[in-house]
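Read the structure below first, then the notes.
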Amino acid sequence: MSTPRSCPSTHSGRLASIAGRGGRSVIARIALTATVIAVPSIAAGAAATPDVVVKAAFLLNFAKFSEWPALRPGAPILVCIVGDDGVAASLVETVGQQYISGHRFDISRPQDSATWPTCQLLFIAEGEARRSAGGLGGVKTLPVLTVSDAKGFADADGIIEFYIEGGRMRFAINVEAVERSGLRLSSRLLGLAKIIRSHRVQ
């Protein structure tokens, strides 16, 4: 996957290196802030690949560094996974009974885009992104944190896009899409992302 188009920004930080591309021990910790915030160790199952485990860990941290202003106290954070059962299974194993600011995690694998507006975080796998364009358009003005590993996702008004650079998984954030959604992302998370803007050619 090629690097998304970027624009100049004060948020010029880069994601810290992810150690260990192979084996069951991949990703025990991920740096998501300058001071390195620990991620719970992930005991990857036999079917889990390193990339799947990394994506699941990132999604968990994206949720930790995001705020849904309309989310009621104590209401669950619904994480919807479309087109990647491996990521969904890894998240289920990783999350367990974790809570974030009093909100538990619920993992869903919706089959119908009509249910996407109920999600707080929506991951759409690359193979589903093109087929799901219509459904994505229906949530881009809602407080749904959309994430994908599809090339050009953030340029096409998605919020967060995974991409590979130098053999490492990194992420880009479309700040205009964030503003449109009404979500609030931590400045520390933004500081580790490649910042892009919709339809802006560098």
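The values are calculated or read from the model by the stated rules, or taken from the named source; none is laboratory data. Predicted, not measured: the structure shown is a model, and the values here were computed from it. FYI the Cβ positions are ideal-geometry reconstructions off the backbone, even for glycines, and counts take in every protein chain you see. The accessibility values were calculated without ligands, DNA or RNA, using every heavy atom of the protein model including side chains. Shrake-Rupley method; radii C 1.70, N 1.55, O 1.52, S 1.80 Å.
Observations on the structure shown:
- Charge tally for His103 (other residues, Cβ to Cβ under 13 Å; Lys, Arg +1; Asp, Glu -1): +1.
- Summing +1 for each Lys or Arg and -1 for each Asp or Glu among the other residues whose beta-carbon sits under 12 angstrom from that of Val52 gives -4.
- What separates the Cα centres of segment 67-128 and segment 132-195 is a distance of 15 Å.
- Accessible surface of segment 45-133, 1.4 Å probe, proportion on carbon and sulfur as whole %: 49
- Most to least accessible of Arg168, Arg130 (protein chains only, probe 1.4 Å): Arg130, Arg168
- Modelled FRET efficiency - R0 41 Å, Ser187 with Gln111, Cβ distances, 0.05 increments: 0.70
- Shape analysis of segment 43-202 places it in the rounded category; the axes a ≥ b ≥ c from the Cα gyration tensor give an a/c below 1.5.
- Spacing of the two label points (7 Å from each Cα toward its C-beta) at Glu93 and Glu165, in nm: 3.0
- Placing a label point 7 Å from the Cα of Ser101 along the Cα-to-Cβ direction, the residues of segment 137-169 whose backbone N falls under 18 Å of that point are 142-146.
- Model label points for Glu67 and Asp85, set 7 angstrom from Cα along the Cα-to-Cβ axis, are 3.9 nm apart.
- Surface accessible to a 1.4 Å probe, per residue, for the residues of segment 103-202, Å²: 44
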